Amino acid sequence: MRTPTRFLGSADRDAALELCARHPAENVFVAARILEAAPFGGGTLIGYEEDGRLEGLCWSNANVVPVETDSVSRQAIGDRLRRSRGGRAASLLGPADQVLDLWDRVQPGWGRPRALRGVQPHLVTTTPPSRLGVTLDERVRRGRADEVDLILPAAAHMFTAEIGYPPYRGSSRSYRALIAAMVERGHTYVVVENNEVIFKADVGSVGLGCAQIQGVWLAPWLRGQGLGTPAMAAVVERVLVDIAPTVTLYVNDYNTAARAMYARIGMHQTSTFATVLL
């Protein structure tokens with residue numbers, strides 16, 4: 001019997017992007033990976049087909065991200081993941097209903113998660129914060145190539161606080177290369193004072209008219225002083241002009257301060273995400 005899932009290739013690019021476009025803000029992570037021409041070989045993109053039509057897919061790399069799946073397709077994709085991945089992913093993330101159900105299907109073979117964040121409001125805006133009367137921090141700008149070594153400590157601090165372990169041990173070469181590539185694309189925004197990064201935010205994914213912000217960080221000694229709102233408002237303002245007409249991000253439900261800040265700059269919840277950290 002022919003399996004309804006298969007690993008997709010370059011010939012499936014348009015069909016995969018069409019599927020992502022059903023909910024472009026929610027699916028921007030996978031759309032961006034496809035648009036970046038990431039190699040599909042070795043089981044990177046799993047497709048689920050019905051009557052020859054692509055009806056669901058799942059990005060399967062360091063992150064496992066389902067796209068437009070239902071319970072039937074998740075069962076088939078889960079079977080494929082158990083055979084091909086063996087729990088080697090670092091996380092499952094995406095729309096909560098899809099992620100949590102997929103996790104239930106693969107968890108018996110993948111072991112206990114380090115953390116399960118089941119409620120992460122997914123936020124979107126198309127409105128520049130300045131139109132809402134929000135003050136912008138005029139110091140926010142794109143990071144420069146000669147500032148990568150200034151950005152690295154801030155990025156590492158943010159990663160460790162969010163994920164629970166450092167992004168590298170020993171040499172920082174690989175992690176630094178990732179930061180340098182993001183800076184080169186113009187996807188890192190910073191505030192630099194006295195030769196030190198005190199605020200940063202990255203655009204991690206761009207596709208289908210959407211830009212997803214990640215890695216938001218403010219120096220710990222500056223928190224609680226009302227500096228985050230104008231800085232983040234300036235990032236959103238710049239991204240809407242520089243990169244895409246829709247800005248999106250997701251945030252942990254327990255981070256009440258961040259959620260209040262995002263509401264002040266005009267971001268509203270459109271769905272709920274979940275992340276399973278492995």
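The values are calculated or read from the model by the stated rules, or taken from the named source; none is laboratory data. Note that the coordinates shown come from a computational prediction; the quantities given were computed from them, not determined experimentally. In this analysis, Cβ positions are derived from the backbone assuming ideal geometry, glycine residues included, and neighbour counts consider all displayed protein chains. Surface areas here come from the heavy atoms of the whole protein model, side chains and all, with no ligands, DNA or RNA. Shrake-Rupley method; radii C 1.70, N 1.55, O 1.52, S 1.80 Å.
For segment 56-191, the residue among VAL183, SER73, GLY109 whose Cα projects farthest onto the positive side of the dipole built from Cβ charges is GLY109.
Sorting ASP14, ASP242, ASP202 by solvent-accessible area of protein heavy atoms yields ASP14, ASP242, ASP202, largest first, with a 1.4 Å probe. Comparing LEU249, LEU150, LEU218 in a Gaussian network model of the chain where C-alpha atoms under 10 Å apart are linked, the largest mean-square fluctuation is found at LEU150. The residues of segment 111-163 expose, per residue, 54 Å² of accessible area to a 1.4 Å probe. Computed with every protein chain present, the accessible area of GLU50 is close to 80 Å² [probe 1.4 Å].
Within the chain, what whole-number % of the accessible surface is contributed by carbon and sulfur, with the 1.4 Å probe and all protein chains included in the calculation? Exposed carbon and sulfur together represent 50 percent of the surface.
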